[in-house]
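S.K.: Quick one: this structure, given as structure tokens, is what I'll be asking you about.
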Amino acid sequence: GSEDIIAGNVNKYTVLPAGYCGQPKKGHLIFDACFESGNLGRVDHITEFEYDLFIRPDTCNPRFRVWFNFTVENVKESQ
């Protein structure tokens, strides 16, 4: 559920549409937060243009999520 504890960072996670098999194409986004101050914990694919992103809690105060830091690669024009 949405209350699941997110422990680690997303590390070069390629988001593929449900049922897709094969190599990622342009537009299949690659998320990464495996670097100092990265805090993206989970990515859920909704549609080609919509994703649910779950940010890990701040290190010193688990009640807050006041910043976000991650990269996105492999985008296509107008995405």
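S.K.: Summarise the accessible area of the chain (1.4 Å probe, protein heavy atoms) by the percent that is carbon and sulfur.
M.R.: Details: 3000 of 5640 Å².
Roughly 53 percent of what the probe reaches on the chain is carbon or sulfur.
S.K.: Moving to a separate point now. With +1 assigned to the C-beta of every Lys and Arg and -1 to the C-beta of every Asp and Glu, and no other charges, what is the dipole magnitude of region 1-78 about the Cα centre in debye, to the nearest 20? Write out the running numbers ahead of the final one.
M.R.: On the way: 8 positive and 11 negative charges, 27 e Å.
That gives a dipole near 140 debye.
S.K.: Moving on. Each label point is 7 Å from the Cα along the Cα-to-Cβ direction; what then is the distance between the points at C60 and C34, in nm?
M.R.: Result: 2.8 nm between the two label points.
S.K.: For Cα pairs less than 8 Å apart in space and 6+ apart in sequence, what is the mean separation divided by the residue count of the chain, i.e. the relative contact order in percent?
M.R.: Here the relative contact order equals 31 percent.
S.K.: Scan the chain and report its longest stretch carrying no chymotrypsin sites (Phe, Trp or Tyr not before Pro) that are both in a DSSP loop and have at most 14 other Cβ atoms within 10 Å.
M.R.: Maximal segment without exposed cleavage sites: 1-19.
The values are calculated or read from the model by the stated rules, or taken from the named source; none is laboratory data. It should be emphasised that the depicted structure is a prediction, and the values quoted were computed from it without experimental measurement. Because the Cβ atoms are built from the backbone with ideal geometry, glycine has one as well, and the counts that use them run over all protein chains shown. Note: accessible area is taken over every heavy atom of the protein model, side chains too, but ligands, DNA and RNA are not part of it. Shrake-Rupley method; radii C 1.70, N 1.55, O 1.52, S 1.80 Å.
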